[in-house]
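Undergrad: Mind looking over this structure? Questions follow.
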Amino acid sequence: WYQRRVRDENVMVPVENVLGEIGGGFKVAMNILNNGRFGMGACLTGTMRMLIEKSVDHANTRKQFVSNLREYQGIQQKIAMMNLLCYANESMAYMLCGNMDRGAPEYQLEAAMSKIFASQAAWDVCDETIQILGGAGFMKDVGIERWMRDLRIFRIFEGTNDILKLFVALNGVQEVGKLFKKQGNMSTAIGILQKKFLGGGMGALKTKVHDDLNGSVLKLQGDITKFHVATAQQVMKHKKGIIEQQVVLNRIADSAILLQSMAAVISRANLAAEKGDVSELALANAWCGESHQRITQLVADLQNPKLTKVDQATLDVGKMSLDSNGYLAKSPVS
């Protein structure tokens with residue numbers, strides 16, 4: 001199996017082979033990327049399921065000290081998180097595909113979030129699988145080390161996760177910026193956001209879900225409100241300069257992706273419950289609890305003025321390393 005670079009220079013395309021309209025290549029390319037991104041979530045669900053099966057089989061049969069690995073909380077926690085990541089990823093993929101099947105004209109934002117989440121989740125699940133299997137997981141004949149190598153590309157192609165996070169975040173702050181411009185001041189804009197997300201559609205959602213999901217819906221409702229307020233505050237603080245604040249934008253994107261995942265698992269688990277299967281309620285509630293904690297921390301970081309100094313200190317180290325063309329510290333024994 002080999003990899004090769006392909007470079008086209010001055011390639012002439014016959015008229016009958018042109019895709020779409022002349023000059024519309026960028027739109028065609030973006031649609032192709034969107035299709036690749038939505039497919040990644042579905043593809044990597046299968047990968048994660050296989051990795052979970054290998055991890056569970058090893059934990060159930062491998063005896064360490066006096067007990068099987070399955071008896072240790074550390075292993076149980078790893079297996080649980082692997083299941084939650086796979087469930088959240090699969091739910092986001094189903095939600096995205098459902099929107100596409102219904103003919104949604106715009107789905108590039110959801111596709112980008114699904115791609116980011118899927119590629120990172122699959123990597124994390126594979127990493128934990130190798131950890132559970134121990135030295136055996138590192139061996140070539142087991143095959144998982146090849147999976148890890150191959151999974152690494154998913155965070156790069158179809159748009160790197162780093163760039164896609166900026167795409168997700170800037171789409172969000174653009175909406176806040178438009179609202180700010182329309183209202184004339186940020187206080188009014190924040191008030192509208194609070195009213196919209198505290199007393200709007202999410203409130204109505206509570207009456208439509210299984211009773212066991214009400215707590216997760218309340219978490220999602222509150223997290224959406226806090227997130228939009230924190231985002232609006234950042235827009236007010238940085239104005240147009242926010243496009244240069246990549247540390248802030250990454251926190252905004254991470255929060256938005258988690259919110260999307262919470263909505264997806266609630267919707268999926270509720271649909272299953274309506275059909276008489278309540279087995280997914282535990283998965284949905286556990287994931288929403290985990291996500292709620294992470295979003296709470298991300299929002300707190302966005303609103304913490306002291307963290308700006310910490311961020312800047314970290315960025316300064318990066319700039320110093322770049323300026324010195326390498327590692328900054330000298331050997332203590334030289």
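The values are calculated or read from the model by the stated rules, or taken from the named source; none is laboratory data. What you see is a predicted model, and the numbers here were worked out from it, not measured in a lab. Cβ: placed from backbone, ideal geometry, glycine included. Neighbour counts: every protein chain shown. Side chains included, ligands, DNA and RNA excluded: accessible areas come from the protein's heavy atoms. Shrake-Rupley method; radii C 1.70, N 1.55, O 1.52, S 1.80 Å.
Undergrad: Can you name every one of the helices (runs of 4 or more DSSP H) wholly within region 94-183 that holds 2 or more residues which are hydrophobic (A, V, I, L, M, F, W, C) and touching a residue at least 60 places away in the same chain (Cβ under 8 Å)? First the steps, then the outcome.
TA: Details: elements: 108-133, 135-138, 144-151, 161-183.
Of the helices (runs of 4 or more DSSP H) lying wholly inside region 94-183, those with at least 2 residues that are hydrophobic (A, V, I, L, M, F, W, C) and touching a residue at least 60 places away in the same chain (Cβ under 8 Å) span 108-133, 144-151, 161-183.
Undergrad: Please identify the pairs in which a residue from region 27-50 that is in a helix (DSSP H, G or I) has its Cβ atom under 8 Å from the Cβ atom of a residue that is of a type in the set (S, T, N, Q) and open to solvent by 30 Å² or more (accessible area, probe 1.4 Å), counting only partners at least 6 apart or on another chain.
TA: Close Cβ pairs satisfying both conditions: 30/108; 34/108.
Undergrad: In region 19-38, is there at least one residue being over 27 Å from residue 161 (Cα atoms) and touching a helix residue (DSSP H, G or I) at 6+ places or on another chain (Cβ under 7 Å)? Can you show your working first?
TA: Of all residues in region 19-38, those over 27 Å from residue 161 (Cα atoms) come to 19-23.
Still in the running and touching a helix residue (DSSP H, G or I) at 6+ places or on another chain (Cβ under 7 Å): 19-20.
Yes, there is a match, as at least one residue in region 19-38 is over 27 Å from residue 161 (Cα atoms) and touching a helix residue (DSSP H, G or I) at 6+ places or on another chain (Cβ under 7 Å).
One line per residue, one yes/no per condition, for (1) touching an Asp or Glu at 6+ places or on another chain (Cβ under 8 Å); (2) exposed (fewer than 13 other Cβ atoms within 10 Å of the Cβ); (3) modelled with pLDDT of 80 or more:
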position	(1), (2), (3)
145	no, no, yes
151	no, no, yes
154	no, no, yes
179	no, no, no
187	no, yes, no
206	no, no, no
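Undergrad: Mind listing just one residue for me: the one in region 51-67 that is hydroxyl-bearing (Ser, Thr, Tyr) and part of a helix (DSSP H, G or I) and, of those, nearest to residue 144 (Cα to Cα)?
TA: If we filter region 51-67 for residues that are hydroxyl-bearing (Ser, Thr, Tyr), which is where we start, we get 55, 61, 67.
Imposing the further condition that a residue be part of a helix (DSSP H, G or I) reduces the set to 55, 61.
Numbers: 55: 11, 61: 18 Å.
It comes out as 55.
Undergrad: Still on this model: Kindly indicate whether residue 83 is at pLDDT below 95 and assigned to a helix (DSSP H, G or I). Lay out the reasoning, then the answer.
TA: Numbers: at pLDDT below 95: no; assigned to a helix (DSSP H, G or I): yes.
Answer is no for this residue.
Undergrad: Name the single residue that is surrounded by the fewest Cβ atoms within 10 Å (Cβ to Cβ) among those in region 1-26 being of a type in the set (A, V, I, L, M, F, W, C) and in a helix (DSSP H, G or I). Steps first, please.
TA: As a first pass, look at region 1-26 and keep what is of a type in the set (A, V, I, L, M, F, W, C): 1, 6, 11-13, 15, 18-19, 22, 26.
Next, only the ones that are in a helix (DSSP H, G or I) stay: 15, 26.
Working: 15: 6, 26: 9.
If we take residues in region 1-26 being of a type in the set (A, V, I, L, M, F, W, C) and in a helix (DSSP H, G or I), then 15 is surrounded by the fewest Cβ atoms within 10 Å (Cβ to Cβ).
Undergrad: Please find, within region 79-127, the residue that is least open to solvent (accessible area, probe 1.4 Å) out of those that are among the aromatic types (Phe, Trp, Tyr) and over 23 Å from residue 149 (Cβ atoms).
TA: Checking each candidate, the answer is 87.
Undergrad: Related question: Name the residues in region 283-322 that are free of Cβ contacts under 8 Å to residues at least 60 places away in the same chain, over 18 Å from the mean Cα position of the chain (by Cα) and open to solvent by 70 Å² or more (accessible area, probe 1.4 Å), would you?
TA: 305, 306, 309, 310, 312, 314, 317, 319, 320, 322
Undergrad: Determine whether region 261-277 contains at least one residue that is in contact with a Gly (Cβ under 8 Å, 6 or more places away or on another chain), buried (at least 19 other Cβ atoms within 10 Å of the Cβ) and closer than 25 Å to residue 109 by Cβ.
TA: No, the conditions are met nowhere in region 261-277.
Undergrad: Would you mind telling me which numbered condition in (1) open to solvent by less than 40 Å² (accessible area, probe 1.4 Å); (2) in contact with a strand residue (DSSP E or B) (Cβ under 9 Å, 6 or more places away or on another chain); (3) hydroxyl-bearing (Ser, Thr, Tyr) residue 61 fails?
TA: All conditions pass for residue 61, except number (1).
Undergrad: Residue 62 - would you say it is of a type in the set (Lys, Arg) and closer than 15 Å to residue 119 by Cα?
TA: In short, no.
Undergrad: Now for a separate question. Take the conditions more than 17 Å from the chain's Cα centre (by Cα), at negative phi and among the aliphatic types (A, V, I, L, M) and apply them to residue 80. Does it pass?
TA: On the way: more than 17 Å from the chain's Cα centre (by Cα): yes; at negative phi: yes; among the aliphatic types (A, V, I, L, M): yes.
Spelling it out, residue 80 is indeed more than 17 Å from the chain's Cα centre (by Cα), at negative phi and among the aliphatic types (A, V, I, L, M).
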